[in-house]
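Engineer: What follows is a single structure, and I will ask about it in a moment.
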Amino acid sequence: MGASGSNQMTVTTPSDREIVMTRVFDAPRDLVFEAHASCEHMSNWWGPRRYEVASCEMDFRPGGAWRIVHRGSDGQEFVFHGEFREIVRPERITWTFEWEGMPGHVSVQTVAFEEQDGKTTITATAAFDTVEDRDGTLQSGMAEGASESYDRLAEYLEVLKRGAAR
């Protein structure tokens, strides 16, 4: 872990079918939640820096679908999609998550937003059908990609706090 302490993402596996990622952001909960609620925002921070968001579709409501296409500089694409199951503004978002490169391996992710003293803690819990799916996800580099996404989110939240975006 780096020297910045609380700004580092932590990853735990509280059960054989779960991955929990936690990070503190220096921004109010409403803003951190909104950064998850539209392609306009997600396209600025979702995924590792080496990929651009080539396309994003998001129907941000329970039952609404989402789909994000990442493209590398070599033109290779990675596509992720799912469906929103629950949205409790600004406390929680639950959605399904599937990488189209491994169809049928769907996880359910719940992102909780808690604010204290103007900072927001995100706790993202991914639940898998099997221990093999969980372990495969861990081995895929997901934690590194999520950590880099959260670094990008922290940077983007600074932009939003200055009012430069919108």
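The values are calculated or read from the model by the stated rules, or taken from the named source; none is laboratory data. Just so you know, these numbers come straight off a predicted model, no measurement behind them. Positions of Cβ are generated from backbone atoms using ideal geometry, with glycine treated the same way; all protein chains shown enter the neighbour counts. Just the protein is used for accessible areas: all its heavy atoms, side chains included, with ligands, DNA and RNA removed. Shrake-Rupley method; radii C 1.70, N 1.55, O 1.52, S 1.80 Å.
Engineer: When the Karplus curve 6.51 cos²θ - 1.76 cosθ + 1.60 is applied with θ = phi - 60°, which whole-Hz ³J(HN,Hα) does each residue of region 119-132 get, with x for Gly and Pro?
Structural biologist: 10, 10, 9, 9, 10, 9, 10, 10, 10, 10, 6, 9, 5, 5
Engineer: With unit charges on the beta carbon (Lys/Arg positive, Asp/Glu negative), name the residue among V108, A27, G63 whose Cα is farthest towards the positive pole of the charge dipole of the chain.
Structural biologist: A27
Engineer: Another question about this same structure. Rounded to the nearest 500 deg cm²/dmol, what is the calculated helix-only ellipticity per residue at 222 nm for the chain, with -39500 (n - 2.57) per DSSP H run of length n ≥ 4?
Structural biologist: Dividing the helical sum by the residues of the chain leaves -7000 deg cm²/dmol.
Engineer: So what is the relative contact order of region 27-91, in percent, for Cα pairs below 8 Å that sit 6 or more residues apart? Don't skip to the answer; put the middle values down first.
Structural biologist: On the way: 97 pairs, mean separation 17.6, N = 65.
Relative contact order, region 27-91: 27 percent.
Engineer: Moving on to the next point. Across region 80-88, in residue order, what do the Karplus-derived ³J(HN,Hα) couplings come to in whole Hz, using 6.51 cos²θ - 1.76 cosθ + 1.60 with θ = phi - 60° and x for Gly and Pro?
Structural biologist: My calculation for region 80-88 gives 10, 8, x, 9, 6, 9, 8, 9, 10 Hz in order.
Engineer: Using only the Cα atoms of region 89-166, build the gyration tensor, take square roots of its eigenvalues as a ≥ b ≥ c, and label the shape rounded, prolate or oblate: rounded if a/c is under 1.5, else prolate if a/b is larger than b/c, else oblate.
Structural biologist: Numbers: a/c = 2.38, a/b = 1.88, b/c = 1.27.
Prolate.
Engineer: First compute the accessible area of region 82-166 with a 1.4 Å probe, then give the percent of it belonging to carbon and sulfur atoms. Show your work: numbers first, answer last.
Structural biologist: Details: 2170 of 4530 Å².
Reported share for carbon and sulfur atoms: 48 percent.
Engineer: Can you tell me the dipole magnitude for region 7-166 around its Cα centre, using point charges on the Cβ only (Lys, Arg +1; Asp, Glu -1), in Debye to the nearest 20?
Structural biologist: 440
Engineer: Continuing with this model, one more query. If you plug each phi of region 155-160 into the Karplus form 6.51 cos²θ - 1.76 cosθ + 1.60 with θ = phi - 60°, what whole-Hz ³J(HN,Hα) values come out, in order, with x for Gly and Pro?
Structural biologist: Here the 3J(HN,Hα) series is 5, 5, 4, 4, 4, 5 Hz.
Engineer: Same structure again: Kindly state, as a whole number, the per residue volume in cubic angstrom of the convex hull around the alpha carbon atoms of the chain. Kindly include the intermediate steps, with their values, before the conclusion.
Structural biologist: On the way: hull volume 20.3 nm³, N = 166.
That works out to 122 Å³ per residue.
Engineer: Mind checking the per residue accessible area of region 14-111 for me, 1.4 Å probe, whole number of Å²?
Structural biologist: 49
Engineer: What net charge do the residues around P28 carry, taking every other residue with its C-beta under 14 Å from that of P28, with Lys and Arg at +1 and Asp and Glu at -1?
Structural biologist: On the way: positive: R29, R89, K119, K161, R162; negative: D26, D30, E34, E91, E114, E115, D117, E158.
Summing Lys/Arg as +1 and Asp/Glu as -1 gives -3.
Engineer: In µm²/s, what is D for region 58-105 at 37 °C and 0.692 mPa s, where D = kT/(6 pi eta Rh) by Stokes-Einstein and Rh is the Kirkwood radius from Cα pairs? Present the calculation step by step, with values, prior to reporting the outcome.
Structural biologist: Working: Rh = 11.8 Å.
Result for D is 279 µm²/s.
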